[in-house]
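Peer 1: Sharing a structure, written as structure tokens. Questions coming.
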Amino acid sequence: MTASATDILPTDQSIGDVSSQLTGIPLHFPARRQWWIAMAVAIALLALFIVSVVELFTRGVGIWGLNVPVTWAFAIHNYVWWLGIGHAGTLISALLLLTGSEWRNSLNRFAETMTLFAVVCAGIYPVIHLGRPWYLYWMFPYPATMDVWPQFRSPLEWDIWAVLTYLSVSVLFWYTGLIPDLANARDRARRRGWQVFFGILALGWRGSTIHWHRWSRTYRIMAAIAVPLVVSVHSEISLLFAASQLPGWHSTLFPPYFVLGAAFSGFAVVSVIAVALRAMFDLKNLVTRKHLDVLGKVLLATGLMTGYGYVFEVVDALYSGNPHDLQTLLNRTTGAYAWLYWGAVFFNFVPLQLLWWRQVRRTGWALLLISVSVIIGMWLERYMILVTTLYRDFLVSSWSHYTPTFWDWSTYVGTIGLFLVPFLLAIRFIPVISIFETEKTLLDEQETRDG
Amino acid sequence: MTTLPKQWTSIEELAGDPAFAEKIAAEFPVAASFPPTARRDFLKIMAASFALAGLTGCEKSSFVAGIPYVDQPEAALPGVPRYYATAVTLDGYAQPVLATTYDGRPTKLDGLPGHPATQGRSDVFMQAAVLQLYDPDRAQSPTRTGEPVTWIDVGAMFSEQRREWRTDGGKRLRLLLSQTTSPTLIRQIKEFQSQFPAARLHVHDASGERERTAAAIAAYGQPLDLHYQLDACVVVVSFDDDFLGPGPRQLLNAIKWAQARRRGDVPDIHLHCAESIPAATGAVASHRLRASPSRMPRLMEALAAQLGVTGASATDLPAEERRWLMRAVAAINAAKCRALVTAGLGTGLEAARWAAQINEALGAPGRTLKLSQPIADPGIATASLDELVTDMNAGQVDTLVILNANPVYTAPGSLDFARALSKVKTSIHLGLYRDETGHRCTYQLPLTHDLESWSDARAVDGTATIIQPVMTPFYDVRSRHQLMAMMLGRDEAADLSVKTTWRETFGESFDARWTKALRDGFVAEGIPEIQAKPASGRIAPAASDADGADIVFRLDPTLWDGRYANLGWLQELPKPLSTLTWGNVIAVSPTWARDLDVENGDVLEVDIDGRKLSGPAWIMPGQADNTIGLWLGHGREQAGRVGNGVGYNAYSVRPAATPWLTKGFVRKRDRNDTLAVTQLHHRMEGFDLVREVSATSPTLPAPSPQPSLYPPKPSAKHAWGMVIDIDSCIGCNACVAACTAENNVAVVGKTQVEMGREMHWLRIARYYQGDVENPRSYFQPVPCMQCEDAPCETGCPVHATTHSPEGVNQMVYNRCIGTRTCSSFCPYKVRRFNYLDYRNTPEAPAEPAHNPDVTLRSRGVMEKCTYCTQRIQAAHVAADKDNRDLRDGDVVTACQAACPTHAIVFGDINDPNSEVSKLRRSGRHYALLEELGTRPRTTYLAKWNDGPDSEDHRT
């Protein structure tokens, strides 16, 4: 086997160049104009979000299109969607770290960063969707004077813990992985402000062997904790639905179905960001076509697994012969919201099939478009799962409808701003690609080449 | 400034009080151009207006502030309710009630227990009457052309008027009354007639009482009241007569119907109903025929011919009609003298005559039909509204006194009463509201509400009730007897005239009998049955030269003739069968709709003799073809802030000569309206939500045992449960209205209902089965199932919904954070969520209309049926005080108390002898969605299928 076939990075670049290139992004920002344009859009969206939330808190969740029976819709649906997106970062980083897949090293930093802010976007929904959000703290087991505890049988209670645990582990994992690079940036900074900023964040990292030794152990342990969390958090989210008895929700299929769907949507967002950053910061030497190829394969694989979930949802209903399950299946595929179902099927799986071709996987814009289609498809899927079950459940007399209002949309679109603003700040101020890990990969490859 | 102000500076501004508006205009000229407040805020306005009653300085306002007693009356304990037996009226008939009052404020009306006619049961109008008492849009003081005057001015006006009337004996004076049964009012009217013998009396009622009398005269040659003895019947054949539908007779008929239906192990009464516009009677009928109203006389003649009535000639009938008729004939022949034939108002005089003759041939009078002298307006010679309008237009009327009627709104559009009224020199309107008529009259004199009045009235069976006030009037108003006395030249205390009347009846023992009558709530004296033979011969069929569709007018099932239009409770009460709220529709048949490509909500234009109206279409399954249904009672202009401009006004096209059935044309217009319906889907989709049994298979299969991983929960001494008999339910909504009143259920308005956010804790699910042209209809009341293994309880993360030891699934409002998981998880979707703040504003002294024992729910809180937990607690306390155990019947839920057919039974399922336990052992007993293992405490009794398909019916 020749070295060039397995190498993911071009070996004809020096380690010093890579360091300068990557630390140079925050220190001498190359794409100010594009960044400001993106930031302006993001801030506008964030402002929309703030306005929506103020309106929401002032008037109540009635500004959304909810009713009885559809008591959950956009808020929960976007919560699941964002949280699903927030899976890829940790999954890529931690799982591939543990399995020693070195190609991850060019992608893990921004994937983790993306994860963090996606989880923040997700986490905001369970708070704002409450009828009385100011009593959120009742969901925590604090020593209340009346000895009232949360209700531990409730999937919502599990939810709070799952998401908070996931968020804290993700933050720690991301930060731990960032420390050596923060030190690198500190050392290359010329201006006093940058030196102090990175100096504090680097926690006195000097790169001694003992530092590396401890860091490496910590990082691997955190990864080992994070991987099961990725699986557990979305399994748990699925129980929000599966723990009910409603047709279309009450299924043992839901946990794996949700986890795979989450990984699917997460990898799609990672692919979008990879392609975008690669173009924006001219990182073609570090995020190579081989990276895109691998991403494409992962996307295809998780997509097919999600498709398996779709198939078995149908099989489940048909095999059970339960009239309510069959009715829900019928409502999904032919009812008022059939466009959601078929939209999800189309956007998730039809363009995806192009990824069977290597040339497509290695073409940035093609991968980007397919990924965007998957993101839309997964959004429709979450919408479909929620609304098509709720709008028509057991008793025909309570069958109803759901139409999102302006405020539903504005809150949702607003959270995209909530995601983009910190994400843009992050790529502005911290190295978007893990410097030391990329260098390590490069070094390993060069050593292999040099024999 | 053109936008609605977000802030308001004072309560008056919010409520749009005219006095305050003037002040605003003077002080802030810019603010005067604010648009009138949108109706979606009406609830808050209504509440603020409660407060206003105090702010504008009325004579007797009690709403100033909550000041505790300085010297507390001995018997009045704050927070402890007191009960008064009295009555409210509908179409002049007494609806006897037991009024619950807290600290002098009535909060809830229940049917008066022990009353011979109503037996403690309610209908929707009785339930809502208490809200009308507090309506801030009621007329609050006398006005002259809109300007407030004092009662002293009014007295002076009447003296002057009396001088004029005396000069010619009242020749140019007219009285326009609505129908009354009040002995006191009738006595006063007779006295008035003796004082002014030339004055003429006219009676106008939009609700058809006059046409009812006309039909009796046509049938029997004299004015009579027909009392259906449904409890004595085995077969009833109804020709477009919705005797189980809303109206003053609904209670009595429904009670007797249910009694007959429960006689024996298998239903012993069968209803054959020919019906044009689907209604309650057709929905519960075993054999229903869809027939246009103009067909009814022909059908009746065919029936008469089959039964050998002389003069009836057999006609050829289409196959469907003949099949139905022959089944009815067979049933009647089998039942012999225990059959009854009834004809509805719209079927006309010919049908009334046929009905009388058939009943006579069957030997019904004395058994299934009782006849009596008219209970309403006895002994008053009256003329019709048409004659009055003619005289008014001819300038022969100087003074018109309108007592408790609203003819400008309710008179048939062909009469154009408003134009005639403008030709009257002095018009005086006595009414609860300054309504359409009040606005056009010279004087508007506000009346007391029944609950503030001394008066009397008779129920439909003739039993008299002395109406006693349950509170002091809080507006500057007078009772109708006081005003009549004023016209008679006296100034009387409120109770004097009533006492005078009853002194004659009670004689020597007046004091004792008066007290007893007030305490009992009725005077035990029936109206004697009389014998009358039907007029012989036949009435020639009405010439049907006019073409076009049959246009049928119906009274609104929740607003009646429009008098209740300003009551949010009734506006938001889903109408039976259509579940429509906040508006009326033009009902068309499915075939007609298909032919003309009409969908629900498409605007149709109805044209009757050139008078036109537009309204949204409603495709009514089971409606006769070539028949259009219009509902009266909507489209009001001066009902008040809640009722103005809701729906179309069907009176505007109503012809005076044929007010219930006429001919007209309909065409589709290129618009559509939104309809606020609470149930969007009507087919059962093959699920066994409503189950049926039949005489051949009278029991349902026993449920399969439900294994559970969880140990059974230990039960407290009592375990509450409810059984609802679907067979008895007539879909009248009394339970829903009673629940609304009892549990402070919020009214949310049309937009919110359209979004699916109505707050009723109890819904009457309505299903159709079979052919859309003529389906079978089912009513299924769905309150909370109070599951023993409740999915909602596991969903809530904060323990806001928990299980009581007595098995009630409780909702802890103040613990609720509004995740709505409980509702998502609920398989029955009986929970209701406060998406917005549906309460009244805190500034409003909303207490008077609210049940103080039930918490008001704030925004963001879930709520649902509690089995009237406050009533359970009250029963516990009462039993504890007596140091005894709870007995069956100690706890009666509001819905159960209201139900006229006893379809709802509540009690302790741990007690094997309780009524509810016995019903749970019935072969018809089943639980809704049993297979889910939720183990509901609310369960059902299957409907009896005794229709034509009952033989091949499988459960």
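Peer 1: Below 8 Å, C-alpha to C-alpha, sequence gap of six or more: please give me the relative contact order for the stretch B:822-944 in percent.
Peer 2: Result for the stretch B:822-944 is 14 percent.
Peer 1: Could you pull out every residue, at least 5 positions away or on a different chain, whose amide H is within less than 5 Å of the one on B:Asp725? Hs are placed 1.01 Å off N in the peptide plane, and Pro or chain starts have none.
Peer 2: B:Ile904, B:Val905, B:Leu941
Peer 1: For chain B, what size does the Cα cloud have along each of its three principal axes, sorted from largest down, in whole Å?
Peer 2: Between the extreme Cα coordinates on each principal axis of chain B lie 88, 75, 69 Å.
Peer 1: Return a whole-number percent for the relative contact order of chain A, with Cα pairs under 8 Å and 6 or more residues apart as the contact set.
Peer 2: Answer for chain A is 33 percent.
Peer 1: Using just the alpha carbons, could you tell me how many Å³ per residue the convex hull of the stretch B:549-677 encloses?
Peer 2: 95 Å³
Peer 1: Kindly give Rg over Rh for the stretch A:44-178, based on alpha-carbon atoms, with the Kirkwood expression for the hydrodynamic radius.
Peer 2: My calculation of the ratio gives 1.04.
Peer 1: Using only DSSP helix segments of four residues or longer, with each worth -39500 (n - 2.57), what per-residue ellipticity at 222 nm results for chain B after dividing by its residue count and rounding to 500?
Peer 2: Computed mean residue ellipticity for chain B: -7500 deg cm²/dmol.
Peer 1: Between B:Ala156 and B:Lys881, what FRET efficiency comes out of the Förster formula 1/(1 + (r/R0)^6) with R0 = 56 Å and r the beta carbon distance, rounded to 0.05?
Peer 2: Numbers: r = 56 Å, r/R0 = 0.99.
E(calc), rounded to 0.05, equals 0.50.
Peer 1: Residue farthest toward the positive end of the dipole of the stretch B:599-751, with Cβ of Lys/Arg at +1 and Asp/Glu at -1: which of B:Thr696, B:Cys735, B:Tyr651?
Peer 2: Farthest towards the positive end: B:Tyr651.
Peer 1: Counting alpha carbon pairs within less than 8 Å and at least 6 residues apart, what relative contact order, in whole percent, applies to the stretch B:225-372?
Peer 2: 33 percent
Peer 1: Can you work out the FRET efficiency for the pair B:Arg683 and A:Thr403, with r the C-beta to C-beta distance and R0 = 35 Å, to the nearest 0.05?
Peer 2: 0.95
Peer 1: Label points 7 Å out from Cα along the Cβ direction at A:Ile210 and A:Ala44: separation in nm?
Peer 2: Spacing of the two 7 Å Cα→Cβ label points: 5.5 nm.
Peer 1: Under a plain spin-label model, where a point goes 7 Å from the Cα along Cα-to-Cβ, how far apart in nm are A:Val171 and B:Ser708?
Peer 2: 4.3 nm
Peer 1: With the cut-off at 17 Å, report for the stretch B:631-732 the share of all Cα pairs above it, as a whole percent. Before the final figure, lay out each step's value.
Peer 2: Numbers: 4138 of 5151 pairs.
The proportion of pairs with Cα distances above 17 Å equals 80 percent.
Peer 1: Taking square-rooted eigenvalues a ≥ b ≥ c of the alpha carbon gyration tensor, is the stretch B:225-372 rounded, prolate or oblate, where a/c under 1.5 means rounded and, failing that, a/b exceeding b/c means prolate? Don't skip to the answer; put the middle values down first.
Peer 2: Working: a/c = 1.37, a/b = 1.30, b/c = 1.05.
Note, shape of the stretch B:225-372 comes out rounded.
Peer 1: Ok, one more. Return the FRET efficiency for the residue pair B:Lys423, B:Arg669: r is the Cβ-Cβ distance, R0 is 25 Å, and the value is rounded to the nearest 0.05.
Peer 2: With a Förster radius of 25 Å, E is 0.10.
Peer 1: Assign one of three labels to the protein assembly as shown, namely rounded, prolate or oblate, based on the Cα gyration tensor with a ≥ b ≥ c the square roots of its eigenvalues; rounded applies when a/c is under 1.5, prolate when it is not and a/b is larger than b/c, and oblate otherwise.
Peer 2: It is prolate, given that a/c is not under 1.5 and a/b is the larger ratio.
Peer 1: Check which residues have an amide H placed less than 5 Å from B:Cys273's amide H, if you skip close sequence neighbours.
Peer 2: B:Ser238, B:His287, B:Arg288, B:Leu289
Peer 1: Oh, and also: Under 17 Å from a point 7 Å along the Cα-to-Cβ line of B:Glu930: which residues of the stretch B:688-717 have their amide N that close?
Peer 2: Within reach of a label on B:Glu930, which here means backbone N under 17 Å from a point 7 Å along Cα→Cβ, the stretch B:688-717 contributes B:688-694, B:697-708.
Peer 1: Also: Rg to Rh ratio, the stretch B:697-834, alpha-carbon atoms and Kirkwood radius? Could you put the intermediate results ahead of the total?
Peer 2: Numbers: Rg = 17.5 Å, Rh = 17.6 Å.
My calculation puts Rg/Rh at 0.99.
Peer 1: Can you pull the one-decimal nm distance between simple spin-label points at B:Val812 and B:Thr390, each 7 Å off the Cα toward Cβ?
Peer 2: 7.3 nm
Peer 1: Under 5 Å between amide hydrogens, which residues at least 5 positions from B:Lys108 or on another chain qualify, with H placed 1.01 Å from N in the peptide plane?
Peer 2: Close amide H contacts, sequence-distant or interchain: B:Thr100.
Peer 1: Arranged by the count of other C-beta atoms within 10 angstrom, fewest first, what order do B:Arg212, A:Arg382, B:Arg683 take? Let's see the in-between values first.
Peer 2: Numbers: B:Arg212 21, A:Arg382 24, B:Arg683 14.
With the fewest neighbours first, B:Arg212, A:Arg382, B:Arg683 line up as B:Arg683, B:Arg212, A:Arg382.
Peer 1: Just rank B:Leu430, B:Leu226, A:Leu304, fewest to most, by other beta-carbon atoms within 10 angstrom.
Peer 2: Values: B:Leu430 26, B:Leu226 23, A:Leu304 15.
If I rank by nearby Cβ atoms, fewest first, I get A:Leu304, B:Leu226, B:Leu430.
Peer 1: By DSSP, what percent of the beta bridges with both residues in chain B are antiparallel, rounded to the nearest 5?
Peer 2: Restricted to chain B, the bridges split so that about 55 percent are antiparallel.
Peer 1: Hey, another quick one. Would you compute the Debye intensity of the stretch A:338-444 from its alpha-carbon atoms alone, equal scatterers and no solvent, and pass along log10 I(q)/I(0) at q = 0.11, 0.16, 0.18, 0.22 Å⁻¹ to two decimals?
Peer 2: Rounded to two decimals, the profile gives -0.62, -1.00, -1.08, -1.17.
Peer 1: Residue by residue through A:135-147, how many Cβ atoms from other chains fall within 10 Å of the Cβ on average?
Peer 2: The shielding value for this peptide is 2.
Peer 1: Still on this structure, I have one more. DSSP loop (so not H, G, I, E, B), at most 15 other Cβ within 10 Å: list which trypsin sites (Lys or Arg not before Pro) in the stretch A:173-260 pass both filters.
Peer 2: Answer in residue order: A:Arg190, A:Arg191, A:Arg206.
Peer 1: In whole Hz, what ³J(HN,Hα) sequence does the stretch B:98-112 give by Karplus (6.51, -1.76, 1.60; θ = phi - 60°), x for Gly and Pro?
Peer 2: 10, 8, 8, 10, 10, 6, x, 10, x, 10, 8, 10, 10, x, 6
Peer 1: With the cut-off at 1.5 for a/c, could you classify the stretch B:717-944 from its C-alpha gyration tensor as rounded, prolate or oblate? Write down the numbers at each step before the final one.
Peer 2: Values: a/c = 1.42, a/b = 1.09, b/c = 1.30.
The shape class here is rounded.
None of the figures in this text is laboratory data; all of them are computed from the coordinates on show. No experiment lies behind these values; they were computed from the predicted model shown. In this analysis, Cβ positions are derived from the backbone assuming ideal geometry, glycine residues included, and neighbour counts consider all displayed protein chains.
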